[in-house]
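Asks: The structure follows.
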Amino acid sequence: MPLEPKQRLGPYEIIEPLGAGGMGEVYRARDTRLDRQVAVKVLPAALSDNEQVRARFEREAKTISQLNHSNICTLHDIGNEDGVEFLVMEYIEGDRMEIYVYQLSGSGGRWQVSTDGGVVPSWSHDGRSIYYIVDQFTLMTVPIQTGATVQVGAPVKVMEVPAFQSQSRKYDVSADGSKVLWNAMVGGTSQSAPLSVVQNWPALLEPE
């Protein structure tokens, strides 16, 4: 389960999530001993029992610790708190995280998709749009055309999804774009969350 603000991993107090990927979740946190902000990378609970994944996580820490470059974050600490494996790295202040499409061959171009921050991007099933999350609980979509070049449309708000703030930010959109699947927290003592389906989300769009 994702970490919540004010939750502690040893001396590190979680402030907010920064992003997530297949091998980790990254949070902005405060080092309560030195009163400084740090970036904490956590191995997801679903992978923490996998010995190969844990070994890879440890190798990553050792590799980072041996590097010294202005474009590489400094590793401050590693730890395990109640079975949660984590790395503590230098936090580099930035305005926000944006989403881009990169051309892997040819011109090697780059096109910006989001305009006001965004995380957890996902291609639509037909490849004609990209979904992503902004402000931790808003699902957005952007039409996109690919070919010799890439044409990116204007971002459109799909719907508010408060569950993203307190639960996993993983989601999926049906092939026809009419349904969204995500995890929702229910009840105060629930240990697992049911999957919820939102149908006909275009009808939920709010006028600007």
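Asks: Among the aspartates and glutamates, select those whose C-alpha is under 14 Å from the C-alpha of residue 6, and discard any that sit fewer than 8 residues away in the same chain.
Replies: 16, 31
Asks: Continuing with the same structure: What translational D, rounded to a whole number of µm²/s, comes out for region 8-90 from Stokes-Einstein when the hydrodynamic radius is the Kirkwood one over Cα pairs, at 25 °C and 0.890 mPa s? Provide the component values of the computation, followed by the final result.
Replies: Details: Rh = 13.0 Å.
Calculated translational D: 189 µm²/s.
Throughout, read-outs are computed from the coordinates displayed, never taken from laboratory work. Since the structure is predicted, the reported quantities are computational estimates derived from the model, not experimental observations.
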